[in-house]
Amino acid sequence: MSVANLIAPLKANFARGATRSYSWRKQQLETLRQLLRENEAAIFQALSDDLGKCETEAFATELGLLYAELRHTKRHLKRWMRGKRLWPGLHNMPATARLTPQPLGVVLIIAPWNYPLMLALGPLISALAAGNCAVIKPSEMTPNVSTLISRLVTQYFSPDVVTVVEGAVPETTALLEQPFDHIFFTGSEGVGKIVMRAASAHLTPVTLELGGKSPCILTPSADMATAARRIAWGKYLNAGQTCVAPDYILALPGTAEAFKAGFAAEVRKAFGDDPAQSSDYPRIVGQRHFDRLVSMIDADHVSFGGQSDRDDLYIAPTLLENLPESCLALTEEIFGPILPIIEVPSLDAAISYINARAKPLALYAFTTDKSEQDQIAALTSSGSAVFNEVVMQFGTTSLPFGGVGASGMGVSHGKASFDTFSHMKPEMRKPNWGEVKLRYAPYKPAQLKLLRRFFGG
Ligand code: NAD
């Protein structure tokens, strides 16, 4: 079936107006929850087959986040749908004004492979809650999850509400030729540009959830034990294949040695002396990414870890030090279990280092000094800024999530995501009485005088 024919029933369904009611939206959310609840075993299996994720991690970072987003959305949907009353301005009186969220139509969701379930179905929650129909394009890099999503969506949803197109570049390219009402893309900066270029042909608005290098500053005021524990956890979740994983450490004087020792201890505590034997330590998604990552590990600069096994797609938790500025680990997004540590002479130098590069998706800093926190927050630009914690901002439905500059545009999660998939339409309603004739010709000098007083200037 051609892509246009696949989308036609969704467009027709949306045009009939059925998707607008609260009860329709609530029903779709319930269907999605049922899809997840009744297929957890198959979901865990697919995530294990594609990424070696254990059940606990798969629940915490994929299923659990979807359940939380579903619950939050269901709880607040009625209120979000109401929109809000606005002041129409004195010059419009008598009148009422509202900002009313209206569904966009048929939206396209393009997902990456690193959290292949959550990043395909998370945006779907908001798309449906906002009253849209959706096409999902899962990542071809995680084929078991992609096929499972396709099978389950076909089984649970009507094909004129949600449909899945599996495939890689040719299939996505064909989809991008269609006039969608919104494209929600999660993936790399390079493909983000392709998506935005294609969307411009139809003036389709885009949300781009991209990646990049998220820095993590350590200052002498940091609680180093906490920093080591939380950074090790956030870095080795999904073996570092997380868009908001700390990409590199900027260590102020007096912090590097304590961090390295604490970090190595935390990694051993979590995954043992040989993480390859730990069932809790995931694998790299495929050989292309494995080769890319291994080429970043220069044995002369390994402070910790460095081992790898191509047949098993295993790369050990690895800390790199004293790297030359031009090396791949410092110039490319790492997106794997490798963590470079860069020593900088001062907080100003750390801030300058960050500001000389593309705006990151997340910026982390471990410091207990409020003035340092304020300085970092004020003088840097990033999708989010998080102090004494990593990654946890992602799983927070009340915090909008998104990038800035090269790390993306638009936001997701909770109400922010509902708004992303809605047109926030200003509506003004006036009666036919109470006319102020000031605006009508023929104009008299007194009108201009009055207009001046009204507008100022
Ligand atoms: P990717 O850009 O390679 O692929 C994403 C999607 O685009 C896939 O579905 C893929 O099939 C499709 N695609 C790939 N090449 C294409 C092309 N030439 N034309 C059209 N479509 C194409 O990204 P990835 O490797 O799946 O994911 C890793 C990247 O995603 C990292 O940069 C990471 O930081 C980022 N990411 C961001 C977030 C976020 O929420 N901001 C979350 C996860 C991952």
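The values are calculated or read from the model by the stated rules, or taken from the named source; none is laboratory data. Fair warning: this is a prediction, and the values are worked out from it, not measured in the lab. FYI the Cβ positions are ideal-geometry reconstructions off the backbone, even for glycines, and counts take in every protein chain you see. Accessible surface areas use protein heavy atoms only, side chains included; no ligands, DNA or RNA. Shrake-Rupley method; radii C 1.70, N 1.55, O 1.52, S 1.80 Å.
From the list ILE149, ILE231, the one residue that fits, being more than 16 Å from the ligand (Cβ to nearest atom) and either in contact (Cβ under 8 Å) with a residue 12 or more places away in the chain or farther than 30 Å from LEU104 by Cβ (or both), is ILE231.
Quick check on the range 128-135. Is at least one of its residues within 12 Å of the ligand (Cβ to nearest atom), small (Gly, Ala, Ser), closer than 21 Å to THR397 by Cα and at pLDDT 95 or above? No, that holds for no residue.
Scanning the range 412-432 for residues that are in contact with a Phe, Trp or Tyr (Cβ under 6 Å, 6 or more places away or on another chain) and within 15 Å of the ligand (Cβ to nearest atom) gives SER412, HIS413. Scanning the range 237-270 for residues that are in contact with a Gly (Cβ under 6 Å, 6 or more places away or on another chain) and open to solvent by 10 Å² or more (accessible area, probe 1.4 Å) yields a single hit, CYS243. Consider ARG98 carefully, then state whether it is among the basic types (Lys, Arg), in a helix (DSSP H, G or I) and open to solvent by 30 Å² or more (accessible area, probe 1.4 Å). No: the conditions fail for ARG98. Looking at the range 154-256, the helices (runs of 4 or more DSSP H) lying wholly inside it that each contain 1 or more residues that are within 23 Å of SER382 (Cβ to Cβ) sit at 189-200, 224-236. Is it the case that the range 367-374 has a residue that's assigned to a helix (DSSP H, G or I) and either within 15 Å of the ligand (Cβ to nearest atom) or within 26 Å of ALA120 (Cβ to Cβ) (or both)? No - not one qualifying residue is present in the range 367-374. Of all residues in the range 212-236 being under 16 Å from the mean Cα position of the chain (by Cα) and open to solvent by 10 Å² or more (accessible area, probe 1.4 Å), which is nearest to MET424 (Cα to Cα)? Residue satisfying both the conditions and the ranking: GLY212.
For the range 58-95, a tally of residues being modelled with pLDDT of 95 or more and in a helix (DSSP H, G or I) returns 25. Remark: pairs (first residue in the range 280-296, within 18 Å of CYS327 (Cβ to Cβ); second residue part of a helix (DSSP H, G or I) and not aromatic (Phe, Trp, Tyr); Cβ separation under 7 Å; 6+ apart in sequence or on different chains) = SER295/LEU328; MET296/LEU328; MET296/ALA329. Of the numbered criteria (1) away from the ligand (no atom under 16 Å from the Cβ); (2) surrounded by fewer than 14 Cβ atoms within 10 Å (Cβ to Cβ), the one MET392 fails is (1). Take THR367 and tell me if it is hydroxyl-bearing (Ser, Thr, Tyr), over 30 Å from ARG82 (Cβ atoms), at pLDDT 95 or above and crowded, with 22+ Cβ neighbours inside 10 Å. Answer is yes for this residue.
Looking at this structure, is ARG71 open to solvent by 30 Å² or more (accessible area, probe 1.4 Å) and closer than 26 Å to LEU51 by Cβ?
Working: open to solvent by 30 Å² or more (accessible area, probe 1.4 Å): yes; closer than 26 Å to LEU51 by Cβ: yes.
So ARG71 passes the test.
Of all the criteria given as (1) open to solvent by less than 20 Å² (accessible area, probe 1.4 Å); (2) farther than 23 Å from ALA199 by Cβ; (3) not in a helix (DSSP H, G or I), the one not satisfied by VAL135 is (2).
Can you tell me how many residues in the range 285-304 are of a type outside the set (Asp, Glu) and part of a helix (DSSP H, G or I)?
Result for the range 285-304: 9.
Would you point out the residue of the range 290-311, among those that are open to solvent by less than 70 Å² (accessible area, probe 1.4 Å) and touching a helix residue (DSSP H, G or I) at 6+ places or on another chain (Cβ under 7 Å), that is nearest to LEU328 (Cα to Cα)? Once the filter is applied, the top-ranked residue is MET296.
Per-residue answers, yes or no, for (1) of a type in the set (A, V, I, L, M, F, W, C); (2) over 27 Å from the mean Cα position of the chain (by Cα):
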| position | (1), (2) |
| --- | --- |
| LEU250 | yes, no |
| GLU257 | no, yes |
| ALA265 | yes, yes |
| ARG268 | no, yes |
| ALA276 | yes, yes |
| ARG283 | no, no |
| GLY286 | no, no |
| HIS289 | no, no |
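Residue by residue through the range 411-428, note down the ones that are open to solvent by 40 Å² or more (accessible area, probe 1.4 Å) and either under 20 Å from GLU69 (Cα atoms) or touching a Cys at 6+ places or on another chain (Cβ under 9 Å) (or both). Answer for the range 411-428, where residues must be open to solvent by 40 Å² or more (accessible area, probe 1.4 Å) and either under 20 Å from GLU69 (Cα atoms) or touching a Cys at 6+ places or on another chain (Cβ under 9 Å) (or both): VAL411, LYS415, ASP419.
Rundown of residues vs (1) in a helix (DSSP H, G or I); (2) touching a residue at least 60 places away in the same chain (Cβ under 8 Å), yes/no style:
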{"residue": "VAL390", "(1), (2)": "no, yes"}
{"residue": "GLY395", "(1), (2)": "no, yes"}
{"residue": "LEU399", "(1), (2)": "no, no"}
{"residue": "ALA406", "(1), (2)": "yes, yes"}
{"residue": "ALA416", "(1), (2)": "yes, no"}
{"residue": "ASP419", "(1), (2)": "yes, yes"}
{"residue": "LYS425", "(1), (2)": "no, yes"}
{"residue": "PRO431", "(1), (2)": "no, yes"}
{"residue": "GLY434", "(1), (2)": "no, yes"}
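Only one of the numbered conditions (1) assigned to a helix (DSSP H, G or I); (2) open to solvent by 70 Å² or more (accessible area, probe 1.4 Å); (3) not acidic (Asp, Glu) is violated by MET1, and that is (1).
Restricting attention to the range 4-29, the residues that are part of a helix (DSSP H, G or I), of a type outside the set (A, V, I, L, M) and without any contact (Cβ under 8 Å) to a residue 40 or more places away in the chain total 4. In the range 166-182, the qualifying residues are those that are within 11 Å of the ligand (Cβ to nearest atom) and buried (at least 19 other Cβ atoms within 10 Å of the Cβ), and the one that is nearest to GLN241 (Cα to Cα) is THR172.
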